[in-house]
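A short write-up of the structure that comes next.
The values are calculated or read from the model by the stated rules, or taken from the named source; none is laboratory data. Keep in mind that what you see is a predicted model, and the values were worked out from it rather than measured. Cβ: placed from backbone, ideal geometry, glycine included. Neighbour counts: every protein chain shown. Protein only, heavy atoms only, side chains kept; ligands, DNA and RNA dropped before computing areas. Shrake-Rupley method; radii C 1.70, N 1.55, O 1.52, S 1.80 Å.
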Amino acid sequence: MTSQIYQTHENFSNYMGRVWTHMKLDINEITSTSATNTEVETEWKERAEGPKKILILMSDTGGGHRASAVSLKDALETMHPEGSLDIKIVDALEDYTLWFSNRMYNWYTTYPIVWGTLYKHTKSTAGLPWPVDTSKFLEPTVRSGFRRCVEAEKPDLVISVHPIMQAIALSHFMPKTWRKKGMKIPFLTCVTDLGEAHPWWFNPEADKLFVPTENMKKKALSCGLKEDQISVVGLPLRQGFWNVDVTESNTQEKRKILGLQKERKLILVMGGGDGMGKLKEIVLNLGKQLEDQSANVHMVVVCGRNAALEKKLVSNKWGPETVMRPQHEDGTKLTEENADSDKKVFLSILGFVKNMEEWMIAADILVTKAGPGTIAEAAVCGLPCMLYDFLPGQEEGNITFVKEQGMGTYEEVPTKAAEVVCQWLSDPAILTDLSAKAKAASNAKAAVQIAEEVSKFLQINEQEDATDIEEAVE
């Protein structure tokens, strides 16, 4: 208890130190004299020399924003020769403003009702006068920090993968000395939500907006963006999902590599990178029903960074027809322990995995919370989805997306979710139909398409040394 008090005090002291540092920087910006025209022109000239610099702005509020940022960085670096681009991913909220964004987000999402209320309030007040519109009320806490970020990095182009980054007037991103000279940096937004998006994503001042669906394009148009500002491309996915081979031969090859049996159906259960949601309840209910139905299956549970949950599930007393298949020490496959068992249900409890595309290719059903990136990756793999939980606000629309696309469903009650999964397992025709519809809803090359358009903004798409895009991503 004493150590926790000391830790809390240390965290508070560190944060207050950051507050004081940023306040001094804000005051200095207000009182400092403007740079001369010669200094500004020199600064601008220096930016034009050397590799083109791209600044990707994000915040670690959930794993999807960073994953999208990395995906775009990988696509751009794959397309262009080494050294031709300088791409930097920055958590602008955490590094340049007073917000302790990731810790605040983690606290809010621990209490979904609180988060849902906050999300819906900021959504309903967007566009209203100050101080009703939360973005206008909070604008003074971020705008000077955003300017310092851009001034420090001096990018040729900015890409945002987080709604807060364009919730304020985009002119605030330009240092005031640059604005006086009419200098402007292209600002592009990539929406990382799937089924629905917060109004803060849709700033008409953005030079380009990338959205995942036609429905979201309609939302953007209603918020004041023009047709030629918007591209419908899908969600940018991790590089391992760009060229997924879901043929039967490759599926069986992946199963062999992972240490899985050919004849057993594979159910992949997860709760996002942090193992969030009702993951424990769904695993316990699913394990029981699989035993009751004497199903010849293998259930693989990915707990992500939730080490406490992983430990609980490993030590849980499972039924007599369930046997544990442990993870290999290299973290990429299973050991041979109990591989020859005649038990009806094989069970593997994993932590964080880096080869998720292999597990998804090998799986027959995905049971997961309604995270947008996970759903989009499952679609690429033609993987039917049983959604069992969601974060109120931005993830509610993902349930609608899955249902409308016909690639799965949502069941709030764990026992009911387990029942439906068992029904799918018993009817191959249902699984085939769900899989085909999931594949039809996918776009594996969204990151590549976005990278192509970014290149056009930087006027590097016609360079002789640019890599052919189809060859680059193979």
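A few notes on this one:
- Heavy-atom accessible area ranking, 1.4 Å probe, most first, across LYS73, LYS262: LYS262, LYS73
- Radius, Kirkwood style, for the stretch 63-184 when every pair of distinct Cα atoms is counted (Å): 16.4 Å
- Each Lys and Arg adds +1 at its Cβ and each Asp and Glu adds -1 at its Cβ; summed about the Cα centre, the stretch 148-281 shows a dipole of about 280 debye.
- The calculated FRET efficiency for ALA429 paired with SER124, based on their beta-carbon distance and R0 = 56 Å, is about 0.80.
- Once the 1.4 Å probe is applied to the protein heavy atoms, the stretch 300-403 comes out at 38 Å² accessible per residue.
- Where the Cα pairs of the stretch 243-372 fall when distances are cut into 5 Å bins, in %: 2, 11, 22, 25, 22, 13, 4, 0, 0
- Radius ratio Rg over Rh of the stretch 339-435, counting only Cα atoms, Kirkwood formula for Rh: 0.97
- Each Lys and Arg Cβ is given +1 and each Asp and Glu Cβ -1; about its Cα centre, the stretch 111-167 then shows a dipole of about 140 debye.
- Extension gain for THR335 to THR110 (0.36 nm times residue separation, less C-alpha to C-alpha distance): 77.6 nm.
- Dipole magnitude of the stretch 256-381 about its Cα centre (Cβ charges: Lys, Arg +1; Asp, Glu -1), debye to nearest 20: 320 debye
- Remark: for residue pairs LYS88/LYS439; LYS280/LYS333; LYS219/LYS437; LYS73/LYS256, the C-alpha separation exceeds 26 Å in LYS88/LYS439; LYS73/LYS256.
- Long-range HN-HN contacts of TRP318 with modeled amide H, under 5 Å: none
- For the stretch 219-247, the residues whose backbone nitrogen is under 17 Å from a point 7 Å from the Cα of LYS256, taken along Cα to Cβ, are 245-247.
- Applying 0.36 nm per residue to the separation of VAL413 and LYS88 and subtracting their alpha-carbon distance, the gain on full extension is 112.7 nm.
- Multiplying the residue separation of SER294 and LEU221 by 0.36 nm and removing their Cα-Cα distance gives an extension gain of 21.1 nm.
- For VAL353, residues with placed amide H under 5 Å, excluding near neighbours: GLY304
- Apportionment of accessible area to carbon and sulfur, the stretch 72-153, percent (1.4 Å): 61 percent
- Cβ-derived FRET efficiency at R0 22 Å, ALA440 paired with VAL246, nearest 0.05: 0.95
- Amide hydrogen proximity for ILE56: with H placed 1.01 Å from N in the peptide plane, the residues at 5 or more positions away or on another chain lying under 5 Å are LYS88, ILE89, VAL90, ILE159.
- The distance linking the stretch 292-311 with the stretch 162-221 is 40 Å (Cα centroid to Cα centroid, whole angstrom).
- Annotation: the antiparallel percentage among DSSP beta bridges lying fully within the stretch 291-441 is about 5.
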